[in-house]
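Each remark here refers to the structure printed beneath this line.
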Amino acid sequence: MDVYIWSTFMTSISRTAYPRLRSNQVVSPRELSNWYSPTQVEVDFTRHNIRGDNLKLGYLVQLKVCQKLGYFCSIDETPADIINYIQEIMFVPGKIITTPLYGHNSAMYRHRDKIREQLSLKRWGKFKSGGLIKNWGLEHATNVAKQQAHIKNSPADIINAVIEKLREDNFELPAFDELDELVGNVRANINDNIFFNIRAGLDQKIIERLKSLLVKKKGSATTNYQRLKEKAKSTTITHFRETIKHYQWITALGDFSELLVNVSKVKIEQFAEEARSLDAYDLKDHNEDKQLALIVCLVYSAKLKTMDDLAQMYCVTMSKIHKKAKVKLAGIMESSQQLVHDCLNLLSGITQHIENNPSPDCYKSVAGIIMNYGGIEKVRSDCDQAIANTSNDHIPLLWEFYKNNRSTVISLLQILNIQSATQNDSLIKAMQVVIKNSTHDTGTIATDGDLSFVPDKWTKLISNDKSESGLVNHRYYELCVLSCLADELRSGDVYINNADSYGDYRNNLLNWQDCSKQVGDYTKDIGLPDSPDALIQHLKYSLRTKASLLDKMFPDIAELEIDDKGRPTLKKCKPNNKPASAIRLANEIRSRMPERNIMDILSNCHHYTDWASVFSPISGSDPKLKNAIEKYILTTFTYGTCMGPAEAARHIKADISEKTLSKINHRHVLPKTQDIAIARIINQYIQFGIIKAWGDGKSVAADGTMESLREDSLIAEFHIRYHQKGGIAYHHISNNYIAIFSTFIPCGVWEAVHILEGLLKNKSDLTPDVIHADTQGQSTVVFALSYLLGIKLMPRIRNWKDLTMYKYDSRVKYKNIDPLFSGKIKWELIRTHWKDMMQAVLSVKNGVISSPLLLRKLTNYSRKNRLFKALRELGKVMRTLYLLDYISDVTLREKVTETTNKVESYNNLSDWASFGAKHLVASNDPDEMEKAVKYNDLVTNSVMLQNVIDMTNIINELKNEGMEISINDISYLSPYITEHIKRFGDYIIDLSNIPRRIPSYEMDIAWAA
């Protein structure tokens, strides 16, 4: 039986960024070179100022370790790899240094004082100043902890922020326990104050109402507290109405926005997450202040989420109405072919008759032909129907599919506070007209006459010249307003007041005053011009020089041709054949790979990286669960293979229940901690030399793969490309094969909005700055934002000939490549809105708004957004520059294709690991879908790490046996091999079976092939 024991807060050092070394730690050649190589100045100082070889080595070891860690580490705790490496640099090869390095601690402490002086390192600890006992380090750390505890809630996050600030200001780090105690006390005091203030701001009626949520009503199996956690279901009219009722019920609990105005968004979210992870019974264990505060945050969060759900349901409903009308129109057009044929035959007959009988009395004959057809009315009716059926306009068919949804849609508009994000509020006024006239269905209604929001395709249907002033067709006007509202909610031109994703995104942007202080340093760091004029000058120069160079090189580029009509084509290149030696190496490795199973691989990778230690209760305390690491690994296996807790509990040979697996998933695992665990595996993976043959880690490819979901889910939609219903697991895969970031996105979301987020949220030591993608990566807005973020967007573009290319000046003519260009850049838009663009990009860089949220607002739905228009123009320039490279450089095209193909191969590995069920996860909760994708990454990345370790061992064995292996041969290998891994059978975990650690000199030996 699993026992949970809740106690005081403590933070495990393994969940923080506190730097540390272990005496048995393996340090890779890369780490040794990057961090522990003494400079010549340091070596010379040591030789001239320290006596004795032992003390010289001891001094340098302490110096380099302190530079890396920020504090002094005992020589006994310093890995032998570091000591040996520094010894080889300091002394002649073969020289033996006896241990211990320090015979007396006094010499070691004197060295530390020298090192502090040399590094200008401020000592942590008490000292006398002006007759007073001071500890500047403690005071500084306390102030930072107080500041961070107001905007962060996780103790590990606060500790990490304090460490970063102490190191930035050159303070020596204290012992971890001292830092943990300091942060724990500061955080507890601040949280207690927040809980007290929230409780003090509630009147007794609301307190009783909130407490009643924790009590089961008679005849009910659950409490209303559980009802707060309910997720929206699929977009049916029944579920739409249920969600509206759910929103009205939440709203009736109270409006807590003013009460939480001084609490940071992060803390509100984390308090709500903690409340969501607890049952009503568990919540009662906390004091009343915390109980009420957690419930208030959960109610507030649920209200925001439900507003977003309603907005999404509304947009999806309107989209479905249009889709159904278009489907019906297509059917009508297909069935009306005979009618059109009859009308054309009649016209042809009349024409032929007049031609054959050009007499004044031919009218009588024509009238006879018309009467034979069925008469004037029949001709008029058939012609009108034929015209309507071939007009390719589905709008007249919308009402049939809208009328059953009408009352629900109108009631939604009445309860949500929808506002305009611009000075133009004509659409909001039109919405009020629709609401006002919603109780009846008349032919026409009166408006204020402002139809500026109406798209051209609606204009003639809504009003015509014969209509009285201010009168419009009621049905078409209503449908037009609702359709425009859906589009502008998506783009952010209108927003729902106080909502989250559908709220006013401008509130999340940094103000320009803050941005102006950062622009200079930011543009300098990433190499951007620091003013609008300088930017335009730079872009024009780049366009001019790149186009002129291609024009000059064109006769020598055999793959690029432009025919007499100005149509360009790119010839396909011959594929590179894999050499026989590479095939032989791959076969030899496959035959020698040791048999493994997924459970052992996850356990081994934990021993290598400590990845499972990052998980803990959502409250932030250390886990009090018995055998916590073992259970975290089992939970990752359960969800990473899509087996699910029920099946896993039946098949895992361990004392663990379905309930425990589910509880750990809900109460101990968050997407952000999964990202940290994944980063630990990546950081170990990149230490091995053989991956250098696959890629330098400087580029990634982004693409999605279809995942099946439960039907009863708001975000399960039909995907045109995959021809099925579900969602998208969106992956960022490094050119060395490892998955650096993954997320879950609904089918209805444009995949391109998530392209940049993988690099911005990457927590590993890999630092790619190039993104390859498929066709979704060709958006001009994404090109612009990536450029401003210092990211090179280089997608694979199959339909490049259909994209417009732009000259820096439309008056310029090129001898060879002029037919490639047809567009004109609106440079003034870029100049005018430079500040808006920098404000947006600095907001993304500072993390106050996510790139997907921003890009979702900057789509073709946006007709009013000035930021969208400016980014689109900048993107036209950046895409043209890339296209000029793409069509002229065959090596670039091959590189892009090779890297994007790795994503497709990764998707196959991901599918292979997801053998437990056909659905991604048995839940309609988007958060659980996100976690399921990341669990799968933990499994697949662990498989890759284990494969790289085994492949390294085998390559070293083969080299020792005399086999000649080249780097080129290794480049054809892949860590995605699975034939030697057992997925089925008994699932047994044994953490006592510690795998052999690979010595550092073996990690890179395979690379020296």
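The values are calculated or read from the model by the stated rules, or taken from the named source; none is laboratory data. Model, not experiment: these values are computed from the prediction. Here the Cβ positions follow ideal geometry from the backbone for every residue, glycine too, while neighbour counts run over all protein chains shown.
Details
- Every residue from segment 317-333 that is modelled with pLDDT under 90 and β-branched (Val, Ile, Thr): VAL327, ILE332
- Close pairs from segment 433-455: first in contact (Cβ under 8 Å) with a residue 12 or more places away in the chain and on the phi < 0 side of the Ramachandran plot, partner in a loop (DSSP other than H, G, I, E, B) and of a type in the set (Gly, Ala, Ser), Cβ under 8 Å, at least 6 apart: THR444/SER467; ALA446/GLY470; THR447/GLY470; ASP448/GLY470; LEU451/SER463
- For segment 32-48, the candidate set comprises residues that are part of a helix (DSSP H, G or I) and in contact with a helix residue (DSSP H, G or I) (Cβ under 8 Å, 6 or more places away or on another chain); within that set, the residue that is surrounded by the fewest Cβ atoms within 10 Å (Cβ to Cβ) is ARG47.
- Among residues of segment 891-950 being aromatic (Phe, Trp, Tyr) and under 19 Å from the mean Cα position of the chain (by Cα), the one that is surrounded by the fewest Cβ atoms within 10 Å (Cβ to Cβ) is TYR906.
Each row is one residue, and each column tells you yes or no for (1) under 24 Å from the mean Cα position of the chain (by Cα); (2) within 30 Å of THR243 (Cβ to Cβ).
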residue: PHE637; (1), (2): yes, no
residue: ALA654; (1), (2): no, no
residue: GLN684; (1), (2): yes, no
residue: ALA702; (1), (2): yes, no
residue: THR705; (1), (2): yes, yes
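- Within segment 458-472, not a single residue is among the basic types (Lys, Arg) and touching a residue at least 12 places away in the same chain (Cβ under 8 Å).
- Looking across segment 49-80, the residues that are part of a helix (DSSP H, G or I), surrounded by fewer than 19 Cβ atoms within 10 Å (Cβ to Cβ) and of a type outside the set (Lys, Arg) come down to ASN49, ASP53, ASN54, LEU55, GLN67, LEU69, ILE75, ASP76, GLU77, ALA80.
- Candidate set: segment 568-613, residues that are assigned to a helix (DSSP H, G or I) and of a type in the set (S, T, N, Q); chosen: the one farthest from the chain's Cα centre (by Cα): SER581
- Qualifying position, being under 30 Å from LEU842 (Cα atoms) and touching a strand residue (DSSP E or B) at 6+ places or on another chain (Cβ under 6 Å), among ILE418, ILE428: ILE418
- Residue among SER923, SER910 that alone is within 22 Å of MET706 (Cα to Cα) and not in a helix (DSSP H, G or I): SER923
- TYR737 vs. criteria touching a helix residue (DSSP H, G or I) at 6+ places or on another chain (Cβ under 9 Å), of a type in the set (Phe, Trp, Tyr) and outside any strand (DSSP E or B): yes
- Residue check, TYR632 among the aromatic types (Phe, Trp, Tyr) and within 30 Å of LEU21 (Cα to Cα): yes
- From LYS326, LYS303, LYS364, residue being among the basic types (Lys, Arg), out of contact with any His (no Cβ under 9 Å at 6 or more places or on another chain) and surrounded by 12 or more Cβ atoms within 10 Å (Cβ to Cβ): LYS303
- Scanning segment 239-267 for residues that are small (Gly, Ala, Ser) and either surrounded by fewer than 12 Cβ atoms within 10 Å (Cβ to Cβ) or within 21 Å of ILE207 (Cβ to Cβ) (or both) gives ALA252, GLY254, SER257.
- Taken over segment 978-990, the criterion of being assigned to a loop (DSSP other than H, G, I, E, B), within 33 Å of the chain's Cα centre (by Cα) and within 28 Å of GLN25 (Cα to Cα) is satisfied by ILE989 alone.
- Some residue of segment 560-567 being in contact (Cβ under 8 Å) with a residue 60 or more places away in the chain, more than 37 Å from the chain's Cα centre (by Cα) and in the same structural domain as GLN518 (by TED's automatic domain parsing): no
- Complete set of residues in segment 135-165 that are aliphatic (A, V, I, L, M), surrounded by fewer than 22 Cβ atoms within 10 Å (Cβ to Cβ) and farther than 20 Å from LEU69 by Cβ: ILE151
- Segment 166-209: number of residues that are crowded, with 21+ Cβ neighbours inside 10 Å and over 29 Å from SER74 (Cβ atoms): 4
- Helices (runs of 4 or more DSSP H) (entirely within segment 448-527) containing at least 1 residues that are in contact with a Leu (Cβ under 9 Å, 6 or more places away or on another chain), among the charged types (D, E, K, R) and closer than 26 Å to VAL848 by Cα: 474-491, 512-526
- Residue, nearest to LYS869 (Cα to Cα), within segment 490-515, restricted to residues that are in the same structural domain as PHE868 (by TED's automatic domain parsing) and of a type in the set (A, V, I, L, M): LEU509
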